[in-house]
Amino acid sequence: MGTTNADIHVDEISEDLSFVAASAVMRKIRAQAELLAKVDGPILILGESGSGKEVAARLIHKISARSGYRFLKVNCAELASDLPENELFGCEGGASIGGTEMNTGRFGLCDKGTVLLDEVTEMPARHQAKLLYLLQDKQFRGENRVDVDVRILAATSVNIEKALAEKRLREDLYYHLSTFTVRLPPLRERRDELQVLLGYFMNRTAERYGLAPRSFSDALLAACQHYSWPGNLRELENFVKRYLVMGDEPVALSELRPQVGFRLAEEVRQGRPLEPASRKDRDNSEDANGLKSLVRSIKGEAEKNAISNTLAKTGWNRKEAARLLSISYRGLLYKIEQYQLTPPSSYFSPLTKNRAWRNGQGH
Ligand SMILES: Nc1ncnc2c1ncn2[C@@H]1O[C@H](COP(=O)(O)OP(=O)(O)O)[C@@H](O)[C@H]1O
Ligand SMILES: [Mg+2]
């Protein structure tokens, strides 16, 4: 089902989603996916946000024997810690509601299919315990004792060793999930496929919007090559969309200008030393972009204040704060990390410590 054009491999997953592999590392991952599709066990997919974990999971499902059945993504960060386990996994044996009613949970909707547990380290502890039990038991049983058979894939964008050390993810569950691990490199580590991806997203979006594809000048391509793409392919795709619609090269170029603070925060977050390109960018921006970086730092300060005030107002209930700020929950988590905001210690009672805060429950 894949289209191979010299070194470019494209698998169509659905009408508007394909898996593109145009670098050696991505072609290797494509080959791995093919093998793993045949092995019907759990897989842990690691990679930064936007690096393509969900696309890889959908590809594995698509080329597996389960492709005729459903693919279900469960966002573990959105699972309330008080969600009854049954609603997710169904429940085993015992009295069923109303005698005949089936309760196979969300997993039951996906019988014979694949479930992707996205941001698995955010799964509430009680669900982790139940999932471990079910994985050990191999099968998921519904209340009517009909077995529910799903393949579990799990994904995370956080540092897994850190999540284990902080006991956010159970170690025994991790060993079950990580028999096979796929690690998607960030886009800045596969710049050799950047140009192919730009062309791919441009053609696909142009077709979808009924517009003529726009070409990239050498200057714009060079700027893309130098940029660090902290949001990875998701950011790249949105950049192409904006450039196609707005057609404004100076604006596109200015979007790719290194945002010094942002990039530094990103590199520090990844625990990586600065790449030569960013060091060069930083030097350039110091003399040429004095006013711009001043404006940026003022904007950053204002954003940081708005976020920290809203968190204080909601008692660090981050879901509520994200709603008030009209940004996504994930976006808010990212900003909290970027600005290194921490809740006052009074928000932690000894019992609720980690969990309540991480689930956005606050107080
Ligand atoms: N290998 C790929 N080929 C084509 N598009 C991709 C690929 N990886 C990611 N994308 C694009 O980037 C977007 C974000 O990818 P996604 O898998 O949701 O990232 P993650 O789950 O790692 O945050 C996708 O919707 C898709 O459009
Ligand atoms: Mg994702």
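The table for this structure:
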read-out: Order of Leu131, Leu194 under a 10 Å beta carbon neighbour criterion, fewest first; value: Leu194, Leu131
read-out: Ser178 paired with Asp16, simple spin-label distance in nm, labels 7 Å along Cα-to-beta-carbon; value: 3.6 nm
read-out: Under the Karplus curve 6.51 cos²θ - 1.76 cosθ + 1.60, θ = phi - 60°, whole-Hz ³J(HN,Hα) for the stretch 61-72, x wherever Gly or Pro sits; value: 4, 4, 9, 9, 5, 8, 4, x, 10, 6, 10, 10
read-out: HN-Hα J in Hz across the stretch 43-49 - Karplus 6.51, -1.76, 1.60, θ = phi - 60°, x for Gly and Pro; value: 9, 9, 10, 10, x, 4, 4
read-out: Interchain or long-range residues, amide H under 5 Å from Leu72's placed H; value: Thr114, Val115, Leu116
read-out: Residue-span extension gain [Asp137 to Lys313] - 0.36 nm each, minus C-alpha spacing; value: 58.9 nm
read-out: Order of Met26, Met246, Met123, Met202 under a 10 Å beta carbon neighbour criterion, fewest first; value: Met246, Met202, Met26, Met123
read-out: Residue order, fewest to most beta carbons within 10 Å, for Tyr174, Tyr329; value: Tyr329, Tyr174
read-out: Two-site FRET efficiency, Ser81 against Glu171, from Cβ-Cβ distance with R₀ of 30 Å, rounded to 0.05; value: 0.95
read-out: HN-Hα J in Hz across the stretch 302-319 - Karplus 6.51, -1.76, 1.60, θ = phi - 60°, x for Gly and Pro; value: 5, 5, 4, 5, 4, 5, 5, 5, 5, 5, 5, 5, 9, x, 6, 7, 6, 5
read-out: Two-site FRET efficiency, Glu255 against Leu341, from Cβ-Cβ distance with R₀ of 25 Å, rounded to 0.05; value: 0.45
read-out: Potential lengthening between Leu324 and Glu207 on full extension [0.36 nm per residue; Cα-Cα distance subtracted]; value: 38.6 nm
read-out: Segment Asp192-Arg234, length gained on full extension (0.36 nm per residue, minus Cα span); value: 13.4 nm
read-out: Rough spin-label spacing in nm, given labels placed 7 Å along Cα→Cβ, for Lys304 and Val39; value: 4.5 nm
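Rule-based calculations on the coordinates, nothing more; no lab input. Predicted model, so just to flag it, every value in this text is computed and none were measured. Glycine gets a Cβ as well: all are built from the backbone with ideal geometry, and neighbour counts include every protein chain shown.
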